[in-house]
Amino acid sequence: MNIIKSLISFILHIDEHLIDIIQIFDLWSYAILFLIVFVETGVVIFPFLPGDSLLFASGAFAAVGAFNIVILLIVFFSAAVIGDTVNYHIGKKIGTSIPPKSWLGKMINKEKMEKAEEFFNKHGGKTIIFARFMPFIRTFAPFVAGASRMNYRYFITYNIVGGAIWVLLCTIAGYFFGNIPIIKNNFSTVILLIIFISVLPAIIGIIKERFAK
């Protein structure tokens, strides 16, 4: 429970925690940010780490000189692309051998793999791009792409495009809008709003599927 509380606090008060990270680690803060994004996108069991909100908050700090915006963009882009690539290969390696009774096996079973493969074949690489903007799905999409044997050249192209769009939009949005007084004074509310908007497409998709059934 303490871990969950700490994680929720980190996400909702990410601006305060970023200040602590900068003060403690200085230039090594870039490495910390890289690791968070890399793990969130590259390790399928950590989909709950902050993504969009971290990019937005870091962009806001870059606007006041705490980070170099160019270095920040390079760090986030590298972490996002490398993370998805590692996740793809993990999925390709172990995706079909996950114990069915495990929590991951229940979420990613043979039937869902077949549906995922059909979905990837129908919608193509844009799935990887859209998934970038949806928490949890962002972490599972490359894993499922690898497990369902999506063509790697196809995957890596959209991985790079999706990573670039995601990093640019979220970080630059924070850079230009994160320090507007109404946003800065209500940062936790803004973070919750970002999370809600991010998961909204997934919620709509689930509701549509339920009604279709």
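The numbers here are math on the coordinates, done by the rules we state, and not lab data. As the structure is a prediction and not an experimental result, all values here were calculated from the model. As a convention, Cβ positions derive from the backbone with ideal geometry for all residues, glycine included, and neighbour counts pool all protein chains shown.
Largest first, the extents of the alpha carbon coordinates of the range 140-213 on the three principal axes equal 47, 35, 14 Å.
For Ile182 and Asp20, what does the FRET efficiency come to when R0 = 22 Å and r is the distance between their Cβ atoms, rounded to the nearest 0.05? Using R0 = 22 Å, I get an efficiency of 0.35. Full extension of the chain between Val64 and Leu27 gives 11.8 nm of extra length, using 0.36 nm per residue less the Cα-Cα distance.
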